[in-house]
Amino acid sequence: MRNMRKLVSVLLVAMLLITTVAAAGITASAAGGTLASYYKTNPDSKFGKQATITVDGSASDWSEDMMIARSAAWDVANHYKGAHENSLIDGYALFGAYDSSNLYIGMQYVNTTDTWQNSGDASLMDGGKMGNIPLMLALSVDPSSTGMTGKVGTGKGIWDIDVNFETHVDHLFYFSAQPGQGNPAMFTAADSSGNSDYDAHCKLFTSAGITYKLADTNICSEIWGLDYSEDPDDVYDDAANWVDFKTFKGKKGVHDTKYDTFYEMAIPLSALGIDANYIATNGIGAMMLGTRGQSGMDCVPFDGTAMLDNALGSYGSDSSTSHEKDDVDVITAPLARIGAQGSTPIPTTPTTPTTPATPTTPTQPTAPNPGVTTADVNVTSNYFGSSSVTDLKVGDTFTATYTLNANMGVSSAQWSLSYDSSALKLLTSGSALCPSGGTVNAEGNPVYGNFTNAQNPFSFSGGKTFVQAEFQVLKAGATNVALTVEELNLSYKSGNNLYIGSVVENSQLQNITSQSGFGSAKVSGTSTAETGSIVEDGITVNAKSNFFKTASATFDADTDQVTVAYRLQSNMGVVNTQWSLRYDTSKLRYSSVSMPKATGAYFDQPATGVVTGNFTSLNMVSYSTMDDFAVITFDVIGSGETDVTLNVMNLALGYKSGSQVTEGYLVDNGTVKNLKNTTGFTNLSYSTESKVYAEDVMLGDVNGDGRVNVYDATALQRYLAEYTTLSADRLRAADVIRDGKVNVNDLTQIQRYCAYFINSF
């Protein structure tokens, strides 16, 4: 079918070139078929402007009326395979202008993946920016000249990039996405076949007077793109999941244009052998292209076949990424025009409206009853009761929330959430579905979730969200969202005994108050359905202590874990200590505890919301520089403000005289003493601090692909050898020893982990 599409399109282009159809306001097409209406070439008869642009990296001289082509956001191969990669290549819009001296080209690239992933992860590494990868600009100045192939005489692609041209181009510009890197150059045809060379037909930008710079911005008032797609053919479908990323709110919020990049370039007309009158009279064609690996990844105007025909295949060097990185792209899509339309109009189909309306969010197929134009949703459950939301339009969002209220801890639960995938699209994923904690599998429909912790049960006192899910309406009519609670158990401790009572067992409701020990249990559930998105509150954690200084930090709702570190510096060693820490179990769930410098420390959880620790060492533990004394990590299960309080009951410092250890209590029975008044301790100096931070990276995952393997060791080796740089998040992931430094010691630990010598960091 793909080859047939290409053949039909090529024949159509040839026929349309003969008929010289008018080009005003066309909808772009590609060799793979007619693209969705969001793709535009010379929209509204715009062919750029006569204007002077200062290439200073600000983009302030550019405006949307200079746009000559628009593609779409998140329509690239990474959407379908390789979303874990950094350096996303996603071209969106092409701009043109000229004056008496220069041709000016503006190139808008976008990175809208911040609407669904965390800053610093995957394609948002390195600030979400493209690395030192080649970008291309193709121009057709004289349609009667020899068309370039994109190759040099040896048959290899220019700069070893396999982008070939059937569409006529006679000037190719290759340059780095990071200005100042490499040797950007302009290539022209060296022989009658259209091949180029690296000699007379290769002019460096510096010798040709070509300049370019970038700005971290987006000058477009709309950013239309695919929010979610499983099929590359969605680029040909107006009914696919198109959204305007300028206003669309994903699970991580609205797109921040700081992740977008605008390039501006000035090309002297003398380098092209033309003047301004030539552009005004004849016009020239233009296309921008982004590359990765050995091939093209995106282009504007968009060529769907060239850029997506192998999106689902595997890259030869890495099966986890797309074959688009090493396939051969043959460009057959027409170029956008700058200046006059020229003697060869841009092909278009006769049915394309002259001036299409600004696209709105496309509607999905309507319900069987054509008279129904809105959606009604019933939110049901075998335990939480029912609610509903009505009169929703296609494209609207609503949130189903199931709230649980229990006066006793919930030790375990298991549930499934089902919905009609043809009528609704689930927008929520991961821990946001079950904010109180647990494991969620949202890969299919139904969605499954569970959690278990009998020793430290989950608190739903006062009513807390059990499950929440935001949906987008895909079609009109009546539909349902159903939560089935399969297991729900309460628990409590009495002495050393643990008692568990069932609220729901095998999806059947139980009378828990009739069960021994649960006569006073009060548990209830309600459901609500409201229009709009999930509103998630953050959490503020205050680290307090009777000895260590106070610290506080606030985290957003996406934060999964928070770590509290109490830190000590002293010119005398620590002989022994005993402490107790308390925390609010309705907002935090204990995950781990350590005293990093104290070998043989002992920890316990004697009661709910309490962690204790102690150690003794006559060799004394040195804290000669400020270092972690006790570090406790929590899972975030609530919102608002909460305290973590460390009560130091005893803290003995000491020094050696010969083999004799002399110790004195700086903290005794919870009271901080003036130990300097004690003989032998008059020279004592010490200080404390506390830190509260989010550990939101996987230790050892240097390349950010969600795994720890030999590729992470290689990435760290390259960083230590100064071949590459790492973002702040990746540096924190590389610091597996947690000493605040990234060096060969961390590399050794990662290699030991990969060789199975150690099981964790």
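The values are calculated or read from the model by the stated rules, or taken from the named source; none is laboratory data. Since the model is a prediction, treat every value here as computed from it, not as a measurement. Because the Cβ atoms are built from the backbone with ideal geometry, glycine has one as well, and the counts that use them run over all protein chains shown.
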Practice task
Go over the candidates Ile89, Ile26 one by one and state the one that is of a type in the set (A, V, I, L, M) and either modelled with pLDDT under 90 or under 22 Å from Leu269 (Cα atoms) (or both).
Solution key: Ile26
Handout entry: region 592-620, residues that are farther than 23 Å from Tyr693 by Cβ and aliphatic (A, V, I, L, M)
Key = Ala607, Leu618, Met620
Practice task
Could you please give the count of residues in region 180-217 that are without any contact (Cβ under 8 Å) to a residue 12 or more places away in the chain, within 23 Å of Asn102 (Cα to Cα) and not polar (S, T, N, Q)?
Solution key: 2
Exercise for the section: With the condition kept exactly as written, say whether any residue in region 611-627 is free of Cβ contacts under 8 Å to residues at least 60 places away in the same chain and over 17 Å from Val575 (Cα atoms). Expected result: yes
Exercise for the section: Check every one of the strands (runs of 3 or more DSSP E) wholly within region 607-673 and list those with 3 or more residues that are under 40 Å from the mean Cα position of the chain (by Cα) and of a type in the set (S, T, N, Q). Expected result: 640-657
Exercise for the section: Working carefully through the options Ser507, Ser516, find the one that is in the same structural domain as Val473 (by TED's automatic domain parsing) and in contact (Cβ under 8 Å) with a residue 60 or more places away in the chain. Expected result: Ser507
Handout entry: Condition met for Phe460 (crowded, with 22+ Cβ neighbours inside 10 Å and part of a loop (DSSP other than H, G, I, E, B))
Key = yes
Exercise for the section: Scan Trp74, Trp62 and give me the residue that is at pLDDT 95 or above, out of contact with any Lys or Arg (no Cβ under 8 Å at 6 or more places or on another chain) and under 30 Å from Pro268 (Cα atoms). Expected result: Trp62
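This table checks each residue for (1) among the hydroxyl-bearing types (Ser, Thr, Tyr); (2) modelled with pLDDT of 90 or more; (3) touching a His at 6+ places or on another chain (Cβ under 8 Å).
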residue	(1), (2), (3)
Thr399	yes, yes, no
Ser412	yes, no, no
Asp420	no, yes, no
Lys425	no, yes, no
Thr428	yes, no, no
Asn441	no, no, no
Asn445	no, no, no
Pro457	no, no, no
Gln468	no, yes, no
Handout entry: Enumeration of residues in region 278-316 that are part of a loop (DSSP other than H, G, I, E, B), touching a Ser or Thr at 6+ places or on another chain (Cβ under 8 Å) and of a type outside the set (Phe, Trp, Tyr)
Key = Asn282, Gly293, Pro301, Asp303, Asn310, Ala311, Leu312, Gly313
Practice task
Give the residues of region 554-570 that are at pLDDT 85 or above and either part of a loop (DSSP other than H, G, I, E, B) or closer than 14 Å to Lys587 by Cβ (or both), sorted by residue number.
Solution key: Val562, Val564
Exercise for the section: Tell me, please, whether a residue that is assigned to a loop (DSSP other than H, G, I, E, B) and not polar (S, T, N, Q) can be found in region 499-516. Expected result: no
Completion exercise
Per the list (1) under 21 Å from Cys754 (Cβ atoms); (2) touching a strand residue (DSSP E or B) at 6+ places or on another chain (Cβ under 8 Å); (3) free of Cβ contacts under 8 Å to residues at least 60 places away in the same chain, residue check on Tyr711 breaks on (2)
Problem - Residue that is within 43 Å of the chain's Cα centre (by Cα) and closer than 24 Å to Phe384 by Cα, where the choices are Val504, Val541 - result: Val504
Practice task
May I ask you to list pairs of residues, at least six apart or on different chains, whose Cβ atoms are under 6 Å apart, with the first in region 95-120 being under 13 Å from Met265 (Cα atoms) and the second being outside any loop (DSSP other than H, G, I, E, B) and among the basic types (Lys, Arg)?
Solution key: Ala97/Lys49
